[in-house]
Amino acid sequence: MSGGGLNLGKSVFIKTYGCQMNVYDSNRMVDLLEVAGYSKTEHLSSADLIILNTCHIREKAEEKVYSELGRLTKLKTKRKEQGSKILIAVAGCVAQAEGKRILERAPTVDLVFGPQTYHRLPFMVQNAMAGGKRIVDTEFPVEDKFDHLAQGSQQGGPSKFLTIQEGCDRFCTFCVVPYTRGAEQSRPAISIAQEARRLVADGAREITLLGQNVNAWHGESPSGGEWKLGRLICYLAEIEGIDRIRYTTSHPKDVDDELINAHREVPQLMPFLHLPVQSGSDKILAAMNRHHNARDYFHTVEKLRKARPEIVLSSDFIVGFPGEEDEDFAKTIKMVNEVGYAQAYSFKYSARPGTPAADIIDQVEDSVAAERLAGLQQLLRAQQDAFLSAQKGKKVKVLFERLGKQVGQICGRSPYMHPVHAQAPDSFLGKIAEVHIAEVKTNSLLGKVELGKRLARNAAVAEGVSL
Ligand code: 5AD
Ligand code: SF4
């Protein structure tokens, strides 16, 4: 990367909205900018470059970004009065969708760039710094973004993300992703394995494979053929040091037998799957263009449970999709009762401009959708609470990621993604250990690591207690 010296001593502040893909992308932007001489700061007021990495999936996403830009304009003016220049950039899916409208509505913005052009960020920043024109870069270039991303390190503990797939070709009628993230692209297996090895060398024990539709991954195999996700997972499981593998987010239609086999055969693949179904009504699933019906979904869940009996499911639901009647909603409730979820996200449908569903006349009244959402969330919450409560008294394997708020406590996650707070020495950080669950909180578990005699003695000595 050229010109790193020009920006020495400068700092970048990134505010990330939305999904894990954005968190991952923000880390990658920091990596790229570090090469160009920027360091990350947590202090907005002292940053030289401020990036809003935006998400477009929720309602009023643009308005939230514009009001944040209003606040940043004041900061930029103040810094100018103090004699220093800051650059303001808008990245991510709102940038992709709004493009140069952002420059028109927010004169304070210097750079607008979409998810496919991050690798050009250092050059854009340099141009803007040198007083060049305001830039909009929201193309979907033919070149592969994956090839250009710096091999940087993610902050934090032993659980890391790895993007293997970008974009989506499914075109669910409510969703902006195919328009903002573009066509599906799969990263080659070798490049994924290289990054996985590097993450392990940096301390990763758990890797979450990311993609907008991750199980549509169909990348080049090491011998030049094509693999699907199940095969890739088996390949990654052979890397020494990877103890846990997860993937998100999946589409039920793209769960094939090879992937189900991976759940059967790969012990590192965690028995927790986020498999959004959106609705239990065939009529609504068809209107959403989901390419499967409720029976297909049940069938897939059955096959997964047969392959890995301890697997638990998470899902996304949309209520109040245009044309949803009471009987359609009742089918969603029936599905939730029949499948049973350890956790789930549920949303009231919101029309996203430019998507086919936004043009359907038969929109559901807001009060009806709100009432349905409340009913669904009550049921999902009850299922989540029951699953959480059932962990009491069990021994749960936890990957410890960070120190807890209380002295002597460290925190991590169970195979089912539950946050677990445990009494254990710091030496367990980055390791997997069994926790005896003694207490269940609203969203988390509390317990104690069963220490062997030697460790118990060491811990007691460290605390000044004689045994
Ligand atoms: N309205 C409501 N929920 C939506 N989602 C995506 N688009 C919309 C929309 N227009 C939800 C879906 C998806 C999750 C990430 O966000 O449930 O799975
Ligand atoms: Fe959006 Fe997921 Fe449907 Fe793709 S599969 S269009 S990302 S909801």
Problem - Check on residue 319, modelled with pLDDT of 95 or more, of a type in the set (A, V, I, L, M) and within 16 Å of ligand 2 (Cβ to nearest atom) - result: yes
Practice task
Mind counting the residues in region 174-233 that are more than 16 Å from ligand 2 (Cβ to nearest atom) and in a helix (DSSP H, G or I)?
Solution key: 17
Practice task
Please work out if residue 391 is in a helix (DSSP H, G or I) and either β-branched (Val, Ile, Thr) or open to solvent by less than 60 Å² (accessible area, probe 1.4 Å) (or both).
Solution key: no
Completion exercise
Restricted to region 272-296 and to residues being over 14 Å from residue 251 (Cα atoms) and away from ligand 1 (no atom under 14 Å from the Cβ), the residue nearest to the chain's Cα centre (by Cα) is 272
Fill in the blank from the handout: Restricted to region 340-359 and to residues being touching a residue at least 60 places away in the same chain (Cβ under 8 Å) and away from ligand 2 (no atom under 16 Å from the Cβ), the residue most open to solvent (accessible area, probe 1.4 Å) is 343
Exercise for the section: Could you tell me which numbered condition residue 213 fails, if it satisfies all but one of (1) open to solvent by 30 Å² or more (accessible area, probe 1.4 Å); (2) at pLDDT 90 or above; (3) closer than 30 Å to residue 353 by Cα? Expected result: (1)
Problem - All positions within region 310-331 that are open to solvent by 50 Å² or more (accessible area, probe 1.4 Å) and in a helix (DSSP H, G or I) - result: 326, 327, 330, 331
Practice task
Go through (1) part of a strand (DSSP E or B); (2) touching a Phe, Trp or Tyr at 6+ places or on another chain (Cβ under 9 Å); (3) away from ligand 2 (no atom under 16 Å from the Cβ) one by one and return the number of the condition residue 416 breaks.
Solution key: (1)
Fill in the blank from the handout: Within region 325-359, residues farther than 25 Å from residue 389 by Cα and away from ligand 1 (no atom under 12 Å from the Cβ) come out as 325, 326, 327, 328, 329, 330, 331, 359
Practice task
Please give the number of the condition residue 284 fails out of (1) open to solvent by less than 10 Å² (accessible area, probe 1.4 Å); (2) touching an Asp or Glu at 6+ places or on another chain (Cβ under 7 Å); (3) not in a helix (DSSP H, G or I).
Solution key: (3)
Practice task
Being of a type in the set (A, V, I, L, M) and closer than 22 Å to residue 243 by Cα is the filter; apply it to region 156-197 and report the residue that is most open to solvent (accessible area, probe 1.4 Å).
Solution key: 190
Handout entry: Output for region 64-106, where each listed residue is open to solvent by 90 Å² or more (accessible area, probe 1.4 Å) and either part of a helix (DSSP H, G or I) or within 18 Å of residue 129 (Cβ to Cβ) (or both)
Key = 64, 71, 74, 78, 80, 81, 82, 85, 101, 104, 105
Exercise for the section: Answer yes or no as to whether residue 73 is in contact with a Pro (Cβ under 9 Å, 6 or more places away or on another chain), among the polar types (S, T, N, Q) and not assigned by TED's automatic domain parsing to the domain that holds residue 350. Expected result: yes
Practice task
Kindly indicate whether any position in region 297-309 is in a loop (DSSP other than H, G, I, E, B) and either open to solvent by less than 10 Å² (accessible area, probe 1.4 Å) or away from ligand 1 (no atom under 16 Å from the Cβ) (or both).
Solution key: yes
Exercise for the section: For residue 409, work out the one condition from (1) more than 16 Å from ligand 2 (Cβ to nearest atom); (2) in the same structural domain as residue 175 (by TED's automatic domain parsing); (3) of a type in the set (S, T, N, Q) it doesn't fulfil. Expected result: (2)
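The values are calculated or read from the model by the stated rules, or taken from the named source; none is laboratory data. Everything numeric in this text was worked out from a predicted model, so none of it was measured. Positions of Cβ are generated from backbone atoms using ideal geometry, with glycine treated the same way; all protein chains shown enter the neighbour counts. These area figures cover heavy atoms from the full protein model, side chains too; ligands, DNA and RNA do not enter into them. Shrake-Rupley method; radii C 1.70, N 1.55, O 1.52, S 1.80 Å.
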